[in-house]
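Heads up: the structure comes next, in structure tokens.
Just so it is clear, none of the values below were taken in a lab; they were calculated from the coordinates. A quick note: this is a predicted structure, and the numbers were derived from the prediction, not measured. Cβ sites come from the backbone with ideal geometry, for glycine too, and all protein chains shown count toward neighbours.
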Ligand SMILES: [Fe+2]
Ligand SMILES: [Fe+2]
């Protein structure tokens, strides 16, 4: 028989870290962005090392280097927002698609057409492959649209996190090309902010370096000198190509994070204050929720409900803050699941279910790398576990489920059933309470469930939008949610 709820005060709010560097937190979270982009782990960190070396070679001042540093780390923070559309149009797993498309010189129309044809409907029958190719071919603004969505959201996230305007601007223009054939604005030469030119070169060199090695990366840079890239920046890159000791740090995956954190410019390291950590958690919740329109605002709602339930059971202060962050980040592992599965309108196959069931393990892996979030990583990851051990993926129950995990389990299901989805309206509260009551004491902790019912029936859940500062409201305002028609694969 499952045990009663562990005491909240003993379970959460403990093990909090003192002074944490902001660079350390963001650097660790970039692994989640790499996962979404289909890049090899450490892509963003290696791109940041390259960008900083180029920035120094270009003679940037300290304030500019600081803006460049955070722009390079956050360059892909808008990456999840175009995943659903890309996956729906191409009919292929979005991560693989993104990784392949990053290696294509899309100024070369023939190569682009061939690569597009190969990337459409991967694993589907020929009729569906042709159908997807035609859908892509009939969307002439596709490349611009998907880049615009990613760049604008990335720039907004940097802004909400409180970085300087130069950081947001660098992200916004990161896909503009020296010759004017980039996107979304088609600006050219020195009209493009220097930091954007640096990051474009750094991230493309990294993608080739990871896939094909240094020689191929240098050849690519030389070939695209003056078309994609600022010629001066390519010259700076080629000038340090033989600095073997420097390049070897890119291959040292164990110490990559350390190398990047050590490079943080500025007179003193930026500290991850509680307010900044909340904003980071909100920002990544927005990244998670933007991944699929089927779960839009799920993370932020789960966080609100979890804080409400925990509050009703006497949790406040640091415990409440941890609950908020655990709720916001509990599904961060979903960034590693393809949208072809997440957004599939039909019944999932066993293999597809197995893929979805991996996301809590990804959540644990990602959060465990973040020093400020490590202490609640296992609790956040266990949100699909059940009191009687019938959950997934670890099938743990009873005492192995902390108070936080039990609260998140209830908040997660409550949110999933009450929220509107593109294909159905949310269920009425009374119906949801009836459905969940069947699992009271077996799947769900009785005390946690009763607390949730109390809040749900009095409508108090609905008024928790201002649970912390302005981050929640602000991010929901600036990051509108994409909607998608699952049958036609059209994005509205
Ligand atoms: Fe989940
Ligand atoms: Fe969830």
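Sorted largest first, the principal axis extents computed over the alpha-carbon atoms of the chain equal 67, 58, 35 Å.
Dividing the radius of gyration of the alpha carbons in the stretch 257-354 by their Kirkwood radius gives 1.10 for Rg/Rh.
Its residue count N fixes a reference of 2.2 N^0.38 Å for the stretch 55-196, and the Cα radius of gyration divided by that reference is 1.16. Taking the C-alpha atoms only, the angle from helix 43-57 to the longest principal axis of the chain is near 40 degrees. Report note on the peptides 253-260, 296-303, 232-239, 423-430: ranked by the mean count of other C-beta atoms within 10 Å, highest first, their order is 296-303, 232-239, 253-260, 423-430.
Residue order for 99, 62, fewest other beta carbons within 10 angstrom first, comes to 62, 99. Each of residue 442 and residue 251 was given a label point 7 Å from its Cα along the Cα-to-Cβ line. The distance between the two points is 5.6 nm. Using only the Cα atoms of the stretch 131-227, build the gyration tensor, take square roots of its eigenvalues as a ≥ b ≥ c, and label the shape rounded, prolate or oblate: rounded if a/c is under 1.5, else prolate if a/b is larger than b/c, else oblate. The shape class here is oblate.
Consider a paramagnetic label point 7 Å from the Cα of residue 125 along Cα→Cβ; state which residues of the stretch 327-346 have an amide N under 17 Å from it. What the label zone holds, given the 17 Å backbone N cut-off, is 346.
At an R0 of 35 angstrom, the distance between the Cβ atoms of residue 165 and residue 424 translates into a FRET efficiency of 0.25. Each label point was placed 7 Å from the Cα along the Cα-to-Cβ direction; for residue 134 and residue 267 their separation is 6.5 nm. Listed peptides 202-208, 433-439, 283-289 appear in the order 283-289, 202-208, 433-439 once ranked by packing, highest mean of other Cβ atoms within 10 Å at the front. Report note on the peptides 409-415, 106-112: ranked by the mean count of other C-beta atoms within 10 Å, highest first, their order is 409-415, 106-112. The value of relative contact order for the chain, using C-alpha pairs under 8 Å at least six residues apart, is 21 percent.
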